[in-house]
1. Taking the stretch 18-66 on its own, how many of its residues are free of Cβ contacts under 8 Å to residues at least 40 places away in the same chain, in a loop (DSSP other than H, G, I, E, B) and either within 17 Å of the chain's Cα centre (by Cα) or surrounded by 11 or more Cβ atoms within 10 Å (Cβ to Cβ) (or both)?
2. Can you say whether Lys75 is in contact with a His (Cβ under 8 Å, 6 or more places away or on another chain) and either among the β-branched types (Val, Ile, Thr) or modelled with pLDDT under 95 (or both), as far as the supplied structure shows?
3. Which members of the stretch 1-28 meet the condition of being among the charged types (D, E, K, R) and at pLDDT 95 or above?
4. Looking at the stretch 79-106, which of the residues that are under 18 Å from Lys39 (Cβ atoms) and not hydrophobic (A, V, I, L, M, F, W, C) is surrounded by the fewest Cβ atoms within 10 Å (Cβ to Cβ)?
5. Taking only pairs six or more apart or across chains, which ones have beta-carbon atoms under 7 Å, a first residue in the stretch 120-143 that is over 22 Å from Val99 (Cβ atoms), and a second residue that is assigned to a helix (DSSP H, G or I) and acidic (Asp, Glu)?
Amino acid sequence: MIVCGVELTGSDAVVCLLNLDRGQFSLPECKVRKLSLRKNHTREDLKQFQADFAALMAEHEVGCVAIKERMPKGKFAGGAISFKLEATIQLMAGNEPEVRLLPSSLIKSTLASTPLPVPFAETGLKAFQETAFVAAYVGHMTK
């Protein structure tokens, strides 16, 4: 099953696809590294973002979307736009793919009990995709 890890930052959704087949992880070929919301943040812009995200998930037959949860307040609080993006992803039509939020505590405990099988530097992904990669991995390990 393919899991799409997502990190929401500002008006961007950084994505990383991770497949687990017969105990082996692989990174499916995907030219899209992030999807961005237009600067106006209108209803139409949100609908377009949702359609683009849903199309990407359908194209790659993603079974689960794992989003790194952001804090609602405090020093590391997420911005208002990122919460709009999260809601847009959660409210995609239909039940596929499943969308899960991963709290930081779950990510830390999962990585402590089952560390990444390969160092991130060896994946060939861009540095800004690391959090999305970890979210996809934790999404697999906690399924």
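1. Number of matching residues: 7.
2. Working: in contact with a His (Cβ under 8 Å, 6 or more places away or on another chain): no; either among the β-branched types (Val, Ile, Thr) or modelled with pLDDT under 95 (or both): yes.
Judged against the criteria, Lys75 is not a match.
3. Result: Glu7, Asp12.
4. We begin by selecting, within the stretch 79-106, every residue under 18 Å from Lys39 (Cβ atoms); these are 79-85, 88.
Narrowing further to those that are not hydrophobic (A, V, I, L, M, F, W, C): 79, 82, 84, 88.
Numbers: Gly79: 13, Ser82: 20, Lys84: 17, Thr88: 20.
Filtering the stretch 79-106 for residues that are under 18 Å from Lys39 (Cβ atoms) and not hydrophobic (A, V, I, L, M, F, W, C), the one surrounded by the fewest Cβ atoms within 10 Å (Cβ to Cβ) comes out as Gly79.
5. Pairs that qualify, where the first residue is over 22 Å from Val99 (Cβ atoms) and the partner is assigned to a helix (DSSP H, G or I) and acidic (Asp, Glu), are Phe120/Glu130.
The values are calculated or read from the model by the stated rules, or taken from the named source; none is laboratory data. Predicted model, so just to flag it, every value in this text is computed and none were measured. Neighbour counts run over all protein chains shown; Cβ positions are idealised from the backbone, glycine included.
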